[in-house]
Each structure stands twice: as C-alpha cells, then as structure tokens.
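This report refers to the structure that appears directly beneath it.
Throughout, read-outs are computed from the coordinates displayed, never taken from laboratory work. This structure is a prediction, so every number in the text was calculated from the model and none was measured. In this analysis, Cβ positions are derived from the backbone assuming ideal geometry, glycine residues included, and neighbour counts consider all displayed protein chains.
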Amino acid sequence: MLQETENKLIQRRIEKLEELRKDGIDPYFNGFSPDSFAQDLHNKYDKNVKEGLEEKNIPAKVAGRIMAYRSFGKAGFMKLKDFTGYIQIYAEKNSLSEEDFKLYKKLDVGDIIGVEGVLFKTKTDELTIKAKKITILTKSLRPLPEKWHGLKDKELRYRQRYLDLIVNDETKETMLKRAFIINSIREFMIKNRFIEVETPMLHKLVTGAAARPFKTYLNALDMELYLRIAPELYLKRLIVGGLDRVFEINRNFRNEGMDLKHNPEFTMMEFYIAYKDYTFLMDFTEELFDFILEKIGVEDNKIEFNGKEIDFSRPWKRLDFYEGLKKIGNVDDDILNNKSKALKYALELEKKVNDNMSHEKILAEIFDALVEPNLINPTFVVGYPVAISPLAKRNRKNPNITDRFELFVSGMEVANAFSELNDPFDQKERFLKQLEERKKGDEEASMFDGDYIKALEYGLPPTAGEGVGIDRLVMLLTKNPSIRDVILFPLMRDKDE
RNA sequence: GGGCCGUUAGCUCAGUCGGUAGAGCAGUAGCCUUUUAAGCUAUUGGCCGCAGGUUCGAUUCCUGCACGGCCCA
C-alpha cells in the first residue's frame, strides 16, 4: 500500500522518515519504556495547585500517539494519547537538546513518541509535561482523519477499526465497556461457583440451536466439519461428567442473514447448572443483570435504548407464548388451532413460511412478527411448544409445552433457557422428529447425535441451562442500536482497493 | 430478498437548472516561547465510486453494477 506515491501527504511523511534516518534516528526505535500513563497522572496531580508544582520536579515518562500539535516558533504543545487517556506535552527550545528540538519540529500528528520531562500546570491550569527528552518510537506515514469531525463514515469505521479507535473515543469507550461487562459476567459466574470451560468450535454434527451452519473441512482426517452454532450438547456432556456448574463465553457461527441484530459470528455465554430448573434461571438471570447494572453504575435500574426507557426493576414480566399471541398479537383462536389458517396468516405477514413447517414453527414466526417488537421492558416468554424446543424438558402438567423461557428486551431476544431434557427416550424421539423436519427441507433442524443420547443414558442430572447473547446485551448497555458497533471487527463484504 | 438514501481532496462537507469543481481541517512555506479546533499571511492537492447510454460536451440527466447506511421482510 505504501506505493501510493502519488499521494503527496504520504510522500512527504516518507521524506521526513528518511531525513530522520539521515540524522541517525531510528524512526521505529524500540527501547523506550514509559513509567506513567496519562490518566494516572491526571488522577494523581490534577488536584495539585499550579504554584510550585514545577519546582517539585516530579518526573514523568510517557509514550503515546500525537493527537494534536500546536507549534509557535521556539515552543509548542502536543496532545499525547495513550490507552488510558490524554496528557499534554510542552516542548520548548530552552528545555530540549538541539537534536530533540529539531526532532520535535519534524513531528506530525499521528506519530508515536516517548517523552521524558517534569510536570507543571499551564496558565489555564492544565496538567502538562515539560519535555526534557523526546524520542520517536514510530513514524506514522498516513494522515489521520480530521481532528474536529473525526471519522464519521461508518464503512471506514468498520473496515479500519484501528483508525476508528484512534480517532473516536466513543468507540474505544464502547469496546472497553464491553470488556468490562464480560469481566463482570465472569465474576458473577465464578462467584456462583461456575467453572469456565472451552468446548469444540469444530463440530461433526449441527446441534444445539435452529440455524444453518458454516461448513469446513479437516484434511488430516478427510472429514467434513461444521463451525458450531451452539455449544449446548458439549456443555451438557460436562454435566453428565459431574462438573455440575459450567459456563462458556465464546463465539457461535450461524450462516444466516446480517442485519442490525445479527453478525455471522457472535458471542454467547452458555451455562448449565445441575439440580435446578428454569424457574431458578429466571431469578438467576435477574440477579446477573442486577450485578452487571450495578457494576457499570446504573443506579435506578433504568436505561434508555432506541429512544425508549427500559426498566430492569425486578421482578420482570412473564408472558405465556400463547397468551402473548392472543393478547399482544391479537391472533385469533382459529389461527392458534388450525395450521393452514396459521400458514395463511403468516404469509400475509410476509413471513418465509411453508406447508412443510410445523404449526408451532409457523406460530413462532407470527410471534416474532407481532409480539416480540412489543416486548420492551425485560420479559420472560414461557410456555414454548415442544415442537420448536427439541432439547427442553416437557412441562409436567401440559406435555405439549416445555419448561423454557426466552428473555426479550427492547424487542430483542437476549437469552434462551430451559430445564434440560434428560430423558434419553424422549430426547431420541425429539431428534428423530428433527430429522423428519430436516428431510422435509428444514435446513435449520437439528441433526441426530447418538453419542449425546448415550451420555443421557449414563444419566444427566436434572439441570437448567441458558444462553445469553453478549453482543445484544452490550448493545443495550452501551446504547448502540447496531451490533456492528459493539463488535471490534464486524464482517464486511469484500471491496476491491 | 424489496424499498429509500449515500459515494466529490487524506478527513468533514458544499456545489454544478449539463460547459471537467469549492470550503474548513490536514499538508507545504513564512512569522510567533503557555496553546486548547491556537493565530496571521501565502500556497499545494481531485479518474466528482465503476461501467455503459443520451448529448457537440456528463461529476451533474438515464440505465446497470459495486460498496455502505437506514427502513421493511
């Protein structure tokens, strides 16, 4: 890419780099180790009064990228950015060696430098380092986006996230918050004695969710494999193995459409806990959210998202699947009772449905269209039909529905949980049913996992399990309506350059 | 998959009722030792997304394509 010699801005910087080399300066010098970070210096010394600070001769050694450069003849200021924040640098001729002052005059916005000096405060009371020594650590050859408007073009921000991170502090804040949220979740799980595990990404069978997979190939064993759509069956094998409380925070891959809420690879936390059921998980999920909200400093349990207030105060609403269809979706009884009427109605709603689908699956599509968008405050939807829940335990009173819930917030599915089906006979039937669906053309139907049945035959204790969509959770808590804004490197179509 | 919008200088954006373009920032040269989007003076920089059509002439109008955004499914 450096061959773009026609670009004079880059050309000029390459010239500067060569001038540095001529002066015996390594423009990629690696031998400077900072002893302070910008934000730490502010935390420590912002309170100090201006008078006498410089006389205290407090040394500071920092490294970072030049984000602003204001020069006037024999002195000037720079705004230096490191991973914690910004610190101002003052460079004046009298305080620097002749070589360092010459170097200073050659610096560009974007260059990465190391600075040693002493702290003082400017006229306007800003904590600043008076440079005694300046070292260039990396010459930057490309000009940064404009200092005031930054980088707005979303396409460039996603494709060149490094630039976005340099220039747009909100992006950095979002990603730091994401890391913090994930750490909080981990802390909560470990506090509750869960064990963090890693299960395979490469699967021989497509199971654990209703989705189309990515296919790949293992040369060594001459074997077709799939990138996992969910870790569910492996995690439950670990419960069979006696680990009792396990969780995994990792990527799933689903070969489906991309939109505001979907990226082909996305992050889920799945967890399983023995000797509990789905009602426990509702409480546990509320507690988990309480914990996270408190950690990130939400005090009144309320956040704003997409212009609407969302209240996480407990207990959250519970809504039966069929009740929801009737009362929120205003769906007539004959649609609930008659498949062909449901199909006709779903088609009117422009849903991609066909006659091969089960009645329940069609109802789920109608639910998706008419009910989900109305579930703004956190809502546990319960009473999902067995036909669309092949891994969930049947309800004892009504064998046509399962002990399962999905959590919706702001119209988005954020979690899915159930009491795990641990009866190997029933599980086998469900798998066979899924195979039928698959034969009928449902590419999202589960495959038959014989080894999993074998594991159930050894005995899966009564267990509850849940998956939480981490990206969507981060969207809510960082007020980003697009999943691409909470993923560092969202998938983008190829573009010829 | 459908609809709408966008693509002009490194970045943020104007603009041309069709006659090959402009600002601010960045860059360059100069002045300036406490600036905060520093200031002042001068100045460089463009396959106007790509391909085709209409036209004497297209960055502008039309069609197609690519990429992106938003909305719908």
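Observations on the model:
- Going from the residue with the fewest nearby Cβ atoms within 10 Å to the one with the most, A:290, A:26 rank A:26, A:290.
- Volume per residue of the convex hull around the Cα atoms, evaluated for chain A, comes out as 206 Å³.
- Between region A:150-216 and region A:67-105, the Cα center-to-center distance that results, in Å: 37 Å
- If R0 is 45 Å, the Cβ-Cβ spacing of residue A:55 and residue A:479 corresponds to a FRET efficiency of close to 0.50.
- Positive-end residue, chain A charge dipole about Cα centroid, Cβ charges, pick of A:83, A:188, A:410: A:83
- Amide H to amide H distances under 5 Å link residue A:375 with A:411, where only residues 5 or more positions off or on other chains count and H is placed in the peptide plane.
- Between residue A:47 and residue A:304, full extension at 0.36 nm per residue minus the direct alpha carbon distance yields a gain of 89.1 nm.
- Relative to the longest principal axis of the Cα atoms of chain A, the long axis of helix A:359-370 lies at roughly 40 degrees.
- When the helices of chain A are scored as -39500 (n - 2.57) per DSSP H run of n ≥ 4 and the total is divided over every residue, the value at 222 nm lands at -9500 deg cm²/dmol.
- Rounded tilt (10° steps) of A:424-439 against the dominant C-alpha axis of chain A: 80 degrees
- Residue A:262-residue A:341 FRET efficiency (beta carbon distance; Förster radius 45 Å; 0.05 resolution): 0.90
- Diffusion coefficient, µm² s⁻¹, Stokes-Einstein with Kirkwood Rh over alpha-carbon pairs of region A:441-497 at 4 °C and 1.567 mPa s: 81 µm²/s
- Expressed as a fraction of 2.2 N^0.38 Å, the C-alpha radius of gyration for region A:2-143 is 1.07.
- Candidates A:219, A:71, A:246 compared by Cα position along the dipole of chain A: farthest toward the positive end lies A:71, with charges placed on Cβ.
- A simple spin-label model places the labels of residue A:323 and residue A:154 3.7 nm from each other, with each point 7 Å out along Cα-to-Cβ.
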